[in-house]
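Following: one structure in structure tokens, then a few remarks.
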Amino acid sequence: NAGVTQTPKFQVLKTGQSMTLQCAQDMNHEYMSWYRQDPGMGLRLIHYSVGAGITDQGEVPNGYNVSRSTTEDFPLRLLSAAPSQTSVYFCASSYSFLRGNNSPLHFGNGTRLTVT
Amino acid sequence: GESVGLHLPTLSVQEGDNSIINCAYSNSASDYFIWYKQESGKGPQFIIDIRSNMDKRQGQRVTVLLNKTVKHLSLQIAATQPGDSAVYFCAETIYSSASKIIFGSGTRLSIRP
């Protein structure tokens, strides 16, 4: 049981390049989300999904796209990388996000992205 | 506005003592709270959670207290060990048009030998 798997672990991009951060979970979780973590700060929600085919914006969605074609995968796409997107990106999933029936998020180990 | 904050950004405790990490939240409608531990280079790891219909929940060496009157959350770690050194985050779940989990900025716990 691998949990939440993120690839790559490290990535360096030049300004304007695009790329996709991969996230996969094998726990049959309905809820998946992407966070970014900047130095000395907490996690900020980028996008989330409550199930296959459903996505929504979080606190800082600009410059990122997501899709959820399967329950297992939730890729994050950077359309045109900017230095402000230098950060550590975490994918997280949860069995349930229904009010009164929540379960905690399970996190991957992150992708460290540098945009030069 | 919606926010989750921490009173102390850093906390240094003697090995073997108890640690108390505090957190304030601002959304009175939040009904699910979680504490996470993050070690260097890793993703946050679930420690313990509590629902708003409870005021205390205990785990192994950890206790979470919830005071809804003053919107305050705390994490108590008993007999702190070197392996407890990490950054600790509290988080609240907010239900609105965009249901989301909001994280605080974190408290770094360091252990003195």
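The values are calculated or read from the model by the stated rules, or taken from the named source; none is laboratory data. It should be emphasised that the depicted structure is a prediction, and the values quoted were computed from it without experimental measurement. Virtual Cβ from ideal backbone geometry, glycine too; neighbours counted across all protein chains shown. For accessibility, only protein heavy atoms count, side chains too; no ligands or nucleic acids. Shrake-Rupley method; radii C 1.70, N 1.55, O 1.52, S 1.80 Å.
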Of all the strands (runs of 3 or more DSSP E) wholly in region A:71-116, which have at least 1 residues that are among the aromatic types (Phe, Trp, Tyr)?
A:87-94
Having 3 or more residues that are open to solvent by 30 Å² or more (accessible area, probe 1.4 Å) is the bar; report the strands (runs of 3 or more DSSP E) wholly within region A:1-63 that clear it.
A:10-13, A:19-25, A:54-57
Could you count how many residues in region A:67-116 are under 20 Å from residue A:31 (Cα atoms), open to solvent by less than 60 Å² (accessible area, probe 1.4 Å) and more than 14 Å from chain B (Cβ to nearest Cβ)?
7
Out of (1) more than 14 Å from chain A (Cβ to nearest Cβ); (2) in contact (Cβ under 8 Å) with a residue 12 or more places away in the chain, what's the single condition that is false for residue B:83?
(2)
Of all residues in region B:41-74, count the ones that are out of contact with any Cys (no Cβ under 9 Å at 6 or more places or on another chain), free of Cβ contacts under 8 Å to residues at least 24 places away in the same chain and within 14 Å of another protein chain (Cβ to nearest Cβ).
12
Hits in region A:20-45 (condition: within 12 Å of another protein chain (Cβ to nearest Cβ) and acidic (Asp, Glu))
A:38
